[in-house]
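Student: Shown below is the structure under consideration.
Please treat every number below as a calculation from the coordinates, not as lab data. The structure presented is a predicted model; accordingly, all values stated were derived computationally and were not measured. Counting neighbours? That spans all protein chains shown, and the Cβs are built from the backbone with ideal geometry, glycine included.
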Amino acid sequence: MKKTERYCFPAVFSYEEGQEISVFFPDLDVATSGVNDDDALLSARELLGCVLYGLEEDGEEIPMPTSLADVQVEMNERSVLIDVYMPSIRLAHVNRSVNRTVTLPAWLNAAALERNVNFSQVLQDALKELLGIGTVQKGI
């Protein structure tokens, strides 16, 4: 059976003075938070991916998302449609390595070899930083 590539679920962002922004997924009964809108959105997307991946792995039914227009919000809240691309989430759970060929100047290669640099680890760390993937992803 082919798995769904992208899910979109509504989330309710709640704003309270002096507190983090809380994010609640009414269809999934899970919540997270963030220090600002960007952080809350990233946390929401990460949570959504983890929850849906867990449901898939457990063979549980994934509920139909409520229409964004049908989500009820209070004055200090707004509804936001959060999407998650599941192939990335699924691959993050696969702990296997792939080979990549990289090209770099000879002088840089020599300097790195002289200092016993682990090229694979440096590339992994740089890519994680560039993509904004923290250490939380290591266990996934």
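Student: In the neighborhood of Met86, defined by Cβ-to-Cβ distances under 12 Å, what is the net charge if each Lys or Arg adds +1 and each Asp or Glu adds -1?
Tutor: So the environment of Met86 carries a net charge of +1.
Student: Counting only other residues whose beta carbon sits under 12 Å from that of Val122, what net charge do I get with K and R as +1, D and E as -1?
Tutor: For residues surrounding Val122, the net value is 0.
Student: List the GluC sites (Glu not before Pro) within the range 40-140 that fall in a DSSP loop (any state other than H, G, I, E or B) and whose Cβ has at most 13 other Cβ atoms within 10 Å.
Tutor: Counting only loop positions with at most 13 other Cβ atoms within 10 Å, the GluC sites (Glu not before Pro) in the range 40-140 are Glu60, Glu61, Glu74.
Student: A further question on this structure: Any chance you could check the Cα centroid distance between the range 28-75 and the range 81-131 for me, in angstrom?
Tutor: 29 Å
Student: Moving on. Under a point spin-label approximation (7 Å from Cα along Cα-to-Cβ), what is the Glu20-Lys2 distance to one decimal in nm?
Tutor: About 3.8 nm separates the two model spin labels.
Student: Sticking with this structure for a sec: If you take every residue apart from Val23 with its C-beta less than 11 Å away from the C-beta of Val23, what net charge results, scoring Lys and Arg +1 and Asp and Glu -1?
Tutor: Local charge sum for Val23: -3.
Student: While we're here: Using only the alpha carbon atoms of the chain, find the Kirkwood hydrodynamic radius as the inverse mean reciprocal pair distance, in angstroms to one decimal.
Tutor: The Cα-based Kirkwood calculation yields 17.8 Å.
Student: For Leu108 and Leu81 in the same chain, what is the full-extension length gain: residue separation times 0.36 nm, less their Cα-Cα distance, in nm?
Tutor: Here the segment from Leu108 to Leu81 would lengthen by 5.2 nm.
Student: A further question follows. Where does each of Phe9, Phe119 land when they are ranked from fewest to most other beta-carbon atoms within 10 angstrom?
Tutor: Taking fewest neighbouring Cβ atoms as first place, the list is Phe119, Phe9.
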